[in-house]
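Every number here is computed from the coordinates shown, using simple stated rules; none is lab data. For clarity, every value in this text was computed on a predicted model and none was experimentally measured. FYI the Cβ positions are ideal-geometry reconstructions off the backbone, even for glycines, and counts take in every protein chain you see.
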């Protein structure tokens, strides 16, 4: 009975998250000139984007104003709730399906950052982005939204349709240097990112956390970091 209730609980979370993803949500964006605008953002517009091969968002000042589209090349980043997204090109060895320029989520804003993108391309990445509903553990980090909702990540299409594929994680000091997290490099990279927390590093080396459950590691990292913050 307990396992059934747990399954039903997470099904409700996912349905709720998908419902939220279709709505206008409070947030702000920073354009390429550094201007910041606060209002309502829709992260999965189904219409055609303003520029071919680029992801885009829709924005409006409030519920009474007309929305307009912003292509990825118009933006540096945008934030919705706890979630922050930054404009990025696919890494040199990858091709993102139908998107030469898209958004990646800033999952951890450490010296070596952790980014997340949805599936959809040759080599993965791009085309969809993860939105974590405000239901779980999260903490703001250095001006980026941060936050992962209880390990639940809902793929949200950045510009119209397509198939849902696996979530892909990248690491790097910035998006120009980002490389994919793989099963082979997971232990080294995540130990480097989380090196200030020996208990976490020990669990990574013991394979308590692997790429398959990286979402749980991210939540745990934020719990530990938050508990040790002054």
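The table below gives the values:
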{"read-out": "Test: residue 210 is in contact with a helix residue (DSSP H, G or I) (Cβ under 9 Å, 6 or more places away or on another chain) and either more than 16 Å from residue 113 (Cβ to Cβ) or in contact (Cβ under 8 Å) with a residue 60 or more places away in the chain (or both)", "value": "yes"}
{"read-out": "Odd one out for residue 81, checked against (1) buried (at least 17 other Cβ atoms within 10 Å of the Cβ); (2) over 18 Å from the mean Cα position of the chain (by Cα)", "value": "(2)"}
{"read-out": "Conditions (1) part of a strand (DSSP E or B); (2) more than 18 Å from the chain's Cα centre (by Cα); number of the one not met by residue 33", "value": "(1)"}
